[in-house]
Amino acid sequence: MAERPRILLHNAQTQAMAASLQSARSDVDFRTCERYDTLPQLLESYRPDIVYTVRFAGSPGYPRDALLGPSGPRWIANGGAGTDHLGHWDTSRVTITNAAGIAADMMAEYIMGAFLHFTLDVPGLLHDKSARRWQSRLVRPLAGQSLLIVGLGHTGRALAARAKAFGMHILGTRANPRPMAEVDEVHAAQALPDLLPRADFIAVCTPLTKATHRLIGPEEVAAMKQGTILADVSRGGVIDQKALYGALKNAHIAGAALDVFETEPLPADSPFWDLDNTLISPHCSSVSEDWETASFDLFLQNLGRWMAGEPLRNIVDPDRGY
């Protein structure tokens, strides 16, 4: 390792990160890059040892090939949790870490807020307010309802704790099932078809991998209970969008909060925009005011480990995708 490792900070805005890095480590050399298209040339000329990178302008155009090419670094610190935009990589050439866990609490709050949006009939209340109409409406309790969490990672576990406080019965799936606090039933991922008909609410929190691509297809959507309320904070591609749209259109799924789509930004002509029972957010369920600071703080901690020759935290296995 070089005495002064070369670090490249890649994000839409890098001033605060640069100041934080300069304050924390006087023993490194660094540069910044705030675009996708100029990163390949900078990698070739600067040859950084480490790149901290955020997918700040979506997946299309993201300089994945350059980062994993011959001029790429030995360590890529991905500022978010998902690494599907990086595809597969050679672990003998490059180590990739992520920031899984830093936004788990915020994403769990987003999901609970989305559920309450529908159970309290916020759209109907707003419609009546706009019409200046005083009209009684039914609200739906969460207590006693079954919540299926697809993916009991950081976000899934944070959600389970909050949902349990509301008195919900928690079902969950994970690759390696084991008893978990706040989860009433932990099942293997293969049990999903049997769990879907039992769930009043479904939260999809699993990363996008080869194993989870189209995990919830037409058959799985059809197996959901009539009137299910769903929240998807995973990645576009985990749920079959055509099947999901049909189920929302005919109200088989009563409501859905969708933070992710196969094409992002969601095209203006997407039929999802016209659905009254759908809450659409621009992949922002984790974007609280301090998430980037928390992500970079994790990077700085890991950088300290790198400089000390210690194992890095949050190393991603490209075969598992997390």
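The values are calculated or read from the model by the stated rules, or taken from the named source; none is laboratory data. Nothing here was measured: the structure is a model prediction, and the numbers come from that model. Neighbour counts are summed over all protein chains in view; Cβ atoms, including those assigned to glycine, are modelled from backbone coordinates with ideal geometry. All accessible areas refer to the heavy atoms of the entire protein, side chains included, with ligands and DNA or RNA removed. Shrake-Rupley method; radii C 1.70, N 1.55, O 1.52, S 1.80 Å.
Here is how the numbers come out for the structure above:
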read-out	value
Region 145-250: mean projected area of Cα convex hull, nm²	6.0 nm²
Accessible carbon and sulfur surface of region 185-322 relative to its total accessible area, %, 1.4 Å	52 percent
Hypothetical label at His88: residues of region 304-322 whose amide nitrogen lies under 16 Å (7 Å Cα-Cβ projection)	317-322
Share of alpha-carbon pairs per 10 Å distance bin for region 251-322, given as whole %	15, 27, 27, 20, 9, 2
Solvent-accessible area, 1.4 Å probe, carbon plus sulfur percent, for region 1-99	45 percent
Simple label model, 7 Å out from Cα along Cβ direction - Ala57 to Leu300, nm	2.8 nm
Farthest toward positive dipole pole in region 92-141 [+1 Lys/Arg, -1 Asp/Glu at C-beta], among Ser130, Ala99, Ala114	Ser130
Viscosity 0.890 mPa s, 25 °C: Kirkwood-radius Stokes-Einstein D of region 193-294 over Cα pairs, µm²/s	175 µm²/s
For region 221-322: relative contact order, % (alpha-carbon pairs under 8 angstrom, 6 or more apart)	22 percent
Given charges at beta-carbon only (K, R positive; D, E negative), |dipole| of the chain in Debye	280 debye
Selection from Phe261, Met180, Pro271 lying farthest towards where the dipole of the chain points positive, charges on Cβ	Met180
Computed over region 36-125, the ratio Rg/Rh where both radii use C-alpha atoms and Rh is Kirkwood	1.18
Gain in span if fully extended, Ala188 to Arg47, counting 0.36 nm per residue against the direct Cα distance	46.4 nm
For the chain, calculated [θ]222 nm from helices alone, where every DSSP H run of n ≥ 4 adds -39500 (n - 2.57)	-8500 deg cm²/dmol
Convex hull (Cα only) mean projected area of region 7-50, reported in nm² to one decimal	2.9 nm²
Mean accessible surface per residue for the chain, computed with a 1.4 Å probe while every protein chain stays in place, in Å²	49 Å²
Of every Cα-Cα pair in region 47-183, the percent that sits beyond 22 Å	57 percent
